[in-house]
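In what follows, a single structure is set out as structure tokens and then discussed.
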Amino acid sequence: MGLTELIAHAPWREAVTYRDTWPHEYVLLQKDEQRELLEAVCQRLRDGEGVPCRFFAMRNAYLFVGDHKYWLMTPPDQVAWDDEEVLNRAPLYRDRRDFVIQDGDGGMRNDYPSNPALQG
């Protein structure tokens, strides 16, 4: 199965803790039996398809596919395949926040800072 098919068939669940601030969804490696999906995302990131982005002080590589960006909390070459790893995804803003989240941004579309950060 290709990456977009794996994404389409994954049982995405809402991250309810962040519903009102940074809405996103996630799947779990073990509980949701998503090893093939996580392996495909990790391979794409290892192959250099990830885009370096920043969520406040945290730097990470994001994979942009369709209308979402995808990220892991663990570097792709350090995923513990026997642990409960998480793959996250969020809808694209289609503005600079897809690359740099800065102080003053509350995560919702209408909270976009008046002085958006430059990528860096």
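Looking at the range 23-50, which of its residues are open to solvent by 40 Å² or more (accessible area, probe 1.4 Å) and under 12 Å from the mean Cα position of the chain (by Cα)?
Pro23, Glu25, Tyr26
For Pro113, indicate whether it is assigned to a loop (DSSP other than H, G, I, E, B), under 13 Å from the mean Cα position of the chain (by Cα) and either closer than 22 Å to Met1 by Cβ or at pLDDT below 95 (or both).
Answer is no for this residue.
Can you pull out every residue in the range 59-74 that is open to solvent by 60 Å² or more (accessible area, probe 1.4 Å) and at negative phi?
Answer for the range 59-74, where residues must be open to solvent by 60 Å² or more (accessible area, probe 1.4 Å) and at negative phi: Arg59, Phe64, Asp67, Met73.
Can you pull out every residue in the range 72-110 that is modelled with pLDDT of 70 or more and either assigned to a strand (DSSP E or B) or among the basic types (Lys, Arg) (or both)?
The answer is Leu72, Val86, Leu87, Asn88, Arg89, Ala90, Pro91, Arg94, Arg96, Arg97, Val100, Ile101.
The values are calculated or read from the model by the stated rules, or taken from the named source; none is laboratory data. Remember, it's a predicted structure, so these values are computed and weren't measured experimentally. Neighbour counts are summed over all protein chains in view; Cβ atoms, including those assigned to glycine, are modelled from backbone coordinates with ideal geometry. In case anyone asks, the SASA skips ligands and DNA or RNA and just uses the protein heavy atoms, side chains included. Shrake-Rupley method; radii C 1.70, N 1.55, O 1.52, S 1.80 Å.
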